[in-house]
Amino acid sequence: MGTSGADDSEELAGIQPELPAPPSTLAEAYSVPTRPRVPVTAAPPTPAASKPEAPVITPQLTTQEAEAAQQQTNLSLSNAEHNMLTAQGRSLNPGQLDLASKIQSFIAEARDAAHNNDWTRARDAAKKAEVLSQQLAASIR
């Protein structure tokens, strides 16, 4: 250090005091807490085939009720299929094609339900197929 005051001021001019930055009120007002880091563990994929099917609830029919439903199902399916024959080989408009598709779906549903001895559902689906097939046959004639 020198003897003159001018030399000291030159040495001190290059030195800046280290002061902490003043707190920002803006940063405090909008700060969002950080989320804790949780390790992600990948669960092994479960195949869809291992998932049990939902149970189907069917009404309990007496033997006589089941036989009657079976007869009604068979009659409605027979009528629906007979009415569908009227559309065979004909050029159908888009509405008739849609109706024929619905009839086929109801026939398939009735057959599936009958296969599972769900005669209530089979009878209802067969009846819907029959009614729609009558509408289709009437629109063709």
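Summary of values
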quantity: Options 84, 1; residue that is of a type in the set (A, V, I, L, M), modelled with pLDDT under 60 and touching a helix residue (DSSP H, G or I) at 6+ places or on another chain (Cβ under 9 Å); calculated: 1
quantity: Long-range neighbours under 7 Å by Cβ, at least six apart or interchain, first residue under 14 Å from residue 111 (Cβ atoms) within the stretch 71-85, second surrounded by 15 or more Cβ atoms within 10 Å (Cβ to Cβ) and of a type in the set (D, E, K, R); calculated: 73/123; 76/127; 76/130; 80/130
quantity: Flag for residue 91 being assigned to a helix (DSSP H, G or I), at pLDDT below 95 and surrounded by fewer than 16 Cβ atoms within 10 Å (Cβ to Cβ); calculated: no
quantity: Criterion violated by residue 138 - all others in (1) assigned to a loop (DSSP other than H, G, I, E, B); (2) of a type outside the set (Lys, Arg); (3) free of Cβ contacts under 8 Å to residues at least 24 places away in the same chain satisfied; calculated: (1)
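The values are calculated or read from the model by the stated rules, or taken from the named source; none is laboratory data. If you're wondering where the values come from, they're calculated on a predicted model, not measured in any experiment. Counting neighbours? That spans all protein chains shown, and the Cβs are built from the backbone with ideal geometry, glycine included.
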